[in-house]
Amino acid sequence: GSTSTPVTTVSQYACQRRTTTENHNKIFTDAFEVLAESYEFSEMEGPCLAFRRAASVLKSLPWAVRSLGATQDLPCLGEHTKAVMEEVLQCGRSFEVEKLLSDERYQTLKLFTSVFGVGPKTAEKWYRRGLRSFTDILADRSVHLNRMQQNGFLHYGDITRAVSKAEARSLRTIIDEAVRAITPAAILALTGGFRRGKEFGHDVDFIVTTPELGKEKSLLPNIINGLKKQGILLFCDYQASTFDMAKLPSYRFEAMDHFAKCFLILRLEASQVEGGLHSADGDSRGWRAVRVDLVSPPVDRYAFALLGWTGSRQFERDLRRFARVKQQMILDNHCLYDKTKKEFLAATTEKDIFAHLGLEYIEPWQRNA
Ligand code: CTP
Ligand code: MN
Ligand code: MN
Ligand code: MN
């Protein structure tokens, strides 16, 4: 045969693709992600999503693209994405991307949004005021920083440094011990990027609940208290549950779910991490600050919360889009609703949800879309 490319059709939905952490097309997807981010800064959702989708398709390929011809049967690649790929194939880089990377606005918004608690809107506001550096922000008396942003600056060096698997394992033990001290029967699961098998993350995500429905209500406040007593709670933004089964499935246009959750910064000791901390200055100090997210759904919502918090973001987007477009169903972190049958579909495992959606089961480590 003259071709080495597999002749299988690639779905336009990430939830019908298996995407491991091994990316054979990083030179293209890195370029697309810069462009997507730049469109996000300009609030151009269409082109932003187009580049995210294109990057996601290329990430799923078990082979590296070596010519534009090889992409002709792939979905989600438009004129603009192909033009960028052409440049990368010919020159090893894209001039459009290079221009963005050296653009003052892009650089500044990228810097500002790297602070915990600073989103594109705040970054843009500061940029329009003429602020260009952290020094500018901290010196400007008209800038009000909320508590999250203050802590973002305070722990900036530590929390912008990647979290390693060994650090995630150590945090799991710490959270597990805090949870067991409250209720030994509690359910604790690692979720987010580390559940997908990533080597590094920007934080560590956990789901925690109780086997007895309703008992989960006091769980997060008690865990937070336990961490505080241990002296390792550096920051805590706790959001109580606003979940109400009677309001489902009408939450669907909101980005966030309604479960109790907390966004934490914890103090992690080097001595508690096998092989030490993933940071040079952290090691000399003997500890580092690390971001941890905890979400606490009622146990009957567990499978939906686990699926929703495992990600990736693109995988979640496409699961929802697939549910809506292909099955006339509404999926979110709380439930799955069948619009045709006008009923909620029950699930105790992620496999149940994939089955309801008529999808082959995709393992967590195949959801790195
Ligand atoms: N998520 C969510 N609601 C939030 C925050 C996160 O549903 N308020 C979901 C996201 O959609 C994502 C998952 O939780 O799928 C994990 O989010 P995050 O920690 O931001 O990303 P990771 O995939 O874990 O990547 P990283 O390693 O950078 O942390
Ligand atoms: Mn491979
Ligand atoms: Mn995460
Ligand atoms: Mn997170």
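Read the figures in this text as sums done on the coordinates, not as results from a lab. Note that the coordinates shown come from a computational prediction; the quantities given were computed from them, not determined experimentally. Quick reminder, even Gly has a Cβ in these numbers, built from the backbone with ideal geometry, and neighbours come from all protein chains shown.
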**Prompt:** log₁₀ I(q)/I(0) of the range 88-243 at q = 0.18 Å⁻¹, via Debye over equal Cα point scatterers, no solvent, to two decimals?
**Reply:** -1.16
**Prompt:** What's the percent breakdown of Cα-Cα distances in the range 215-362 across 10 Å bins, shortest bin first?
**Reply:** 10, 33, 27, 19, 10, 1, 0
**Request:** Note the full-extension length gain between His80 and Val143 as 0.36 nm times their separation in residues minus their Cα-Cα distance, in nm to one decimal.
**Result:** 18.9 nm
**Asked** Using 7 Å Cα-to-Cβ label points, what is the Arg324/Thr173 separation (nm, one decimal)?
**Response** 4.4 nm
**Relative contact order of the chain, pairs being alpha-carbon contacts under 8 Å that are 6 or more residues apart, as %** = 18 percent
**Asked** Under a straight-distance cross-link criterion of Cα-Cα below 17 Å, which lysines are reachable from Lys261, leaving out those fewer than 8 residues away in the same chain?
**Response** Lys215, Lys217, Lys228
**Gap separating the Cα centres of the range 306-336 and the range 34-104, nearest whole Å** = 24 Å
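Rounded, prolate or oblate: which one fits the chain, using the alpha carbon gyration tensor with axes a ≥ b ≥ c (rounded when a/c is under 1.5, else prolate when a/b beats b/c, else oblate)?
On the way: a/c = 1.62, a/b = 1.13, b/c = 1.42.
Oblate, because a/c is 1.5 or more while a/b does not exceed b/c.
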**Prompt:** Could you name the lysines in cross-link range of Lys351, using Cα to Cα under 23 Å and dropping any fewer than eight places away on the same chain?
**Reply:** Lys198, Lys326, Lys339, Lys341, Lys342
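Could you line up His155, His80 from fewest to most neighbouring Cβ atoms inside 10 Å? Don't jump to the answer; show the numbers that get you there.
On the way: His155 20, His80 15.
With the fewest neighbours first, His155, His80 line up as His80, His155.
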**Message:** Based on alpha-carbon atoms only, what is the radius of gyration of the range 104-154 relative to the globular estimate 2.2 N^0.38 Å?
**Reply:** 0.99
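What number, in nm² with one decimal, is the all-direction average of the projected area of the convex hull of the alpha-carbon atoms of the range 305-366? Walk me through the intermediate numbers first.
Details: hull surface 15.0 nm².
The orientation-averaged projected area of the Cα hull of the range 305-366 comes to 3.8 nm².
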**Asked** What's the center-to-center distance, using Cα atoms, between the range 345-365 and the range 179-219 in Å?
**Response** 20 Å
**Request:** For the range 62-147, please report how many Lys pairs fall under 20 Å Cα to Cα, leaving out neighbours fewer than 8 apart on the same chain.
**Result:** 4
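Taking only DSSP H segments of four or more residues, each worth -39500 (n - 2.57), what value at 222 nm results for the chain once the sum is divided by all its residues, to the nearest 500 deg cm²/dmol?
It lands at -12500 deg cm²/dmol.
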**Asked** Could you list log10 I(q)/I(0) for the range 262-312 at q = 0.16 Å⁻¹, which the Debye formula gives when each Cα is one point scatterer?
**Response** -0.63
